[in-house]
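Everything below concerns the one structure shown next.
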Amino acid sequence: MKQLSGIAASNGIAIAKAFKLAVPDLSFEQRKIENPSDEISRLHDAINTSKTELEKIKEHARKTLGDEHAEIFSAHLLVLSDPELINPMTDKIESEKVNAEVALDAVAQTFIQMFESMDNEYMRERAADIKDVTKRIMAHLLNVTFPNPALIDEEVIVIADDLTPSDTAQLNKQFVKGFTTNIGGRTSHSAIMARSLEIPAVVGTKTITAEVNEGDMIIVDGMDGTVIINPTSDEISQYTSKQEQFEQQKQEWAKLKDEPTVSSDGVHVELAANIGTPDDIEGVINNGGEGVGLYRTEFLYMGKNELPTEDEQYESYKSVLEQMGDKPVVVRTLDIGGDKELPYLDLPEEMNPFLGYRAIRLCLDRDDIFRTQLRALLRASVYGNLKIMFPMIATLDEFRQAKALLLEEKDKLVQEGTKVNDDIEIGIMVEIPSTAVIARQFAKEVDFFSIGTNDLIQYTMAADRMNEQVSYLYQPYHPAILNLVNNVIEAAHAEGKWAGMCGEMAGDSIAIPILLGLGLDEFSMSATSILPARTQIKQLSKEELASYKDQLLSMSTADEVEAFIREKTNQ
Amino acid sequence: MAVNQTVTITDETGVHARPATVLVNKAGSYTSDMTIEYNGKSINLKSIMGVMSLGIPQGASITISADGPDEEEALAGVVEVIKSEGLGE
């Protein structure tokens, strides 16, 4: 038995065999061969095995993820039968008497370079398809296993250095009971995916791939970040009962699904969800969300070759608004740049992308892109309770410009005879310290604030949240953060406006009592955090927590704050 | 005796991934040799990478040719797919 600890990324306990998702060693030697026709049939065998495998993957993907996700494998299969790819390989084996590995690699490289040098982003992406496909053939030539997450057909825990979006798209919840990775944090892609798939995960263990062998028994505790390799039978029974408790607790939570969120002294706060696509609304409703506190519209712009049209966007916004009925939906306008770039916009590479050309800065500069989104939102506004939020606002002037563009588009639509909701609240995301500091001035002009803590913390502490070496500085309970948050809430209330929070902090069991005491009105989090948060808030007295406010704000360290809250709330 | 037919691409994004996949799959179901010609370049219609590398845009005039035992059927089949996929006319 061996124990590792990492970052608890998604709640729950999983106990299953390890499935290592690693790219195998594909290095090979050049050989002179005697009999080209034997070598060619070796190549064809490897190609045929790859085809059979891909057919299987495609079927799996179609069943578990739908036709659209399976489409990519149809293209991969065609590459495997492409005469323009295969014939040059067999020619090379014949004329140069080289082994199949050499021929495969040489021809593949030619094509990869050809596609990579094209000026069309779509074509450049095809280079990745050729790489994928030729790696698979190479693995079969070398007789090494090439792992495919979509092929998993028994209960496992996936072990990987990191999981890419396409890896996670292939995971089948029925068999993948949990996963654990070397790198990543609570806000990395893999962690967010784990929470939306509702499977337990521990990320950032640093060494899991080196410590685990294929088939080892693994326990993943996504609640405290523990991973146990080859546990004893005592540990297995201990964690099995912890797993059962968690399942029971989930059922308890489910009972609160349709209840409002009220503290023990009768104060109502709103628990909303963060979403990325209209498909996420099902999870919001199943988890008793009282609204959408953050709709990240970037996903409409990602994974494509061109900007989404106004109609495409309109359909998505309308779908979200209709599904939520009269519940509030806060839509954040395009937040691209930073770690999320769009290849087709051809943005210049920056030294400091998080401090650079992104979000509202880009939108005000490229107002053609921005206006299209605003029109789509305005047109959809008649289908529900829409609120519009601008991200990365650093100055009042930026807010005024963005609002002016919105009003211009609204006037145009009205003149064109299109119906637009007249009561759309317009707010800002507070993630830049300058804005948090002068929130009082902003509060006179905006309709609401939503505090984006992931960025606010990294900007306030000057620590990149993706850099593990400085991750100790990512301190949500740091008194500096609490003072900024308090400043924003007070500023909002002084003008009769509301303040929400849409970062990971809003769903954190230590932060919730603090935020409730500071008077936060809306908490927006991963859908799966809503019911635990509602359960917790029902047991908290807002009045009592509010009485600790001055004490908390004058504390010196995050540890002091955490210890104080743990003691007061018995955690 | 080879047969050919010229069509105009009307899809606003041109011949992109999905229709290219459908075309190549269809061409692959016949024994005749098939080519697609655009902008003076003639490419094997059974090669997905070849077809995509042509980067055929909206408004392009392309010529499909078939040569072999089932050429009539092959040409008609591929042209039919272009129309039914809304790619061109």
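The values are calculated or read from the model by the stated rules, or taken from the named source; none is laboratory data. The shown structure was predicted, so the numbers you read here are calculated from the model rather than taken from an experiment. In this analysis, Cβ positions are derived from the backbone assuming ideal geometry, glycine residues included, and neighbour counts consider all displayed protein chains.
Values for this structure:
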read-out	value
Pick from the range B:47-68, criterion among the aliphatic types (A, V, I, L, M) and within 14 Å of chain A (Cβ to nearest Cβ), ranking: farthest from A:Pro83 (Cα to Cα)	B:Ile56
Residue under evaluation A:Asp550, criteria (1) in a helix (DSSP H, G or I); (2) in contact (Cβ under 8 Å) with a residue 24 or more places away in the chain; (3) of a type outside the set (A, V, I, L, M), criterion not met	(2)
For B:Asp33: the one exception among (1) within 14 Å of another protein chain (Cβ to nearest Cβ); (2) farther than 30 Å from A:Thr134 by Cβ	(2)
Tally, over the range A:1-33, of residues that are in a loop (DSSP other than H, G, I, E, B) and among the aliphatic types (A, V, I, L, M)	5
In the range A:81-117, residue farthest from A:Leu141 (Cα to Cα) [restricted to those that are facing chain B (nearest Cβ under 10 Å) and crowded, with 19+ Cβ neighbours inside 10 Å]	A:Phe115
Meets criteria (touching a helix residue (DSSP H, G or I) at 6+ places or on another chain (Cβ under 7 Å), at pLDDT 95 or above, farther than 27 Å from A:Ala499 by Cα and outside the structural domain of A:Gln536 (by TED's automatic domain parsing)) for A:Val227	yes
Positions within the range B:44-76 being of a type outside the set (Gly, Ala, Ser), out of contact with any Pro (no Cβ under 8 Å at 6 or more places or on another chain) and surrounded by 18 or more Cβ atoms within 10 Å (Cβ to Cβ), in sequence order	B:Leu45, B:Ile48, B:Met49, B:Val51, B:Met52, B:Leu54, B:Ile56, B:Ile62, B:Ile64, B:Glu71, B:Leu75
Output for the range B:61-75, where each listed residue is under 11 Å from the mean Cα position of the chain (by Cα) and more than 22 Å from B:Thr13 (Cα to Cα)	B:Ser65, B:Ala66, B:Ala74, B:Leu75
Criterion (modelled with pLDDT under 90 and among the small types (Gly, Ala, Ser)) met by exactly one of B:Gly68, B:Gly59, B:Gly77	B:Gly59
Which numbered condition B:Gly40 fails, given (1) at positive phi; (2) within 13 Å of chain A (Cβ to nearest Cβ); (3) at pLDDT 85 or above	(2)
Close pairs from the range A:365-379: first of a type in the set (Val, Ile, Thr), partner assigned to a helix (DSSP H, G or I), Cβ under 6 Å, at least 6 apart	A:Thr372/A:Glu310
Qualifying positions in the range B:33-42 - surrounded by fewer than 20 Cβ atoms within 10 Å (Cβ to Cβ) and within 18 Å of A:Pro83 (Cβ to Cβ)	B:Asp33, B:Glu37, B:Lys41, B:Ser42
Residue in the range A:59-67 that is modelled with pLDDT under 90 and in a strand (DSSP E or B) present	no
Search result, residues across the range A:225-246 that are surrounded by 11 or more Cβ atoms within 10 Å (Cβ to Cβ) and acidic (Asp, Glu)	A:Glu235, A:Glu244
Selection within the range A:244-258 - of a type in the set (Phe, Trp, Tyr) and at pLDDT 90 or above	A:Phe246
Residue match in the range A:505-526 (condition: of a type in the set (D, E, K, R) and part of a helix (DSSP H, G or I))	no
Answer residue from the range A:495-514, given it is surrounded by fewer than 24 Cβ atoms within 10 Å (Cβ to Cβ) and hydrophobic (A, V, I, L, M, F, W, C) and is farthest from A:Val269 (Cα to Cα) among those	A:Ile510
Residue within the range A:250-259 that is touching a strand residue (DSSP E or B) at 6+ places or on another chain (Cβ under 9 Å), among the hydrophobic types (A, V, I, L, M, F, W, C) and at negative phi present	no
Residue within the range A:306-319 that is of a type in the set (A, V, I, L, M, F, W, C), in a helix (DSSP H, G or I) and crowded, with 19+ Cβ neighbours inside 10 Å present	no
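Let's see how each residue does on (1) within 14 Å of chain B (Cβ to nearest Cβ); (2) more than 29 Å from the chain's Cα centre (by Cα); (3) surrounded by fewer than 19 Cβ atoms within 10 Å (Cβ to Cβ):
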| residue | (1), (2), (3) |
| --- | --- |
| A:Asn48 | no, yes, yes |
| A:Lys51 | yes, yes, yes |
| A:Leu54 | yes, no, no |
| A:Ile57 | no, no, no |
| A:Ala61 | no, no, no |
| A:Val79 | yes, yes, no |
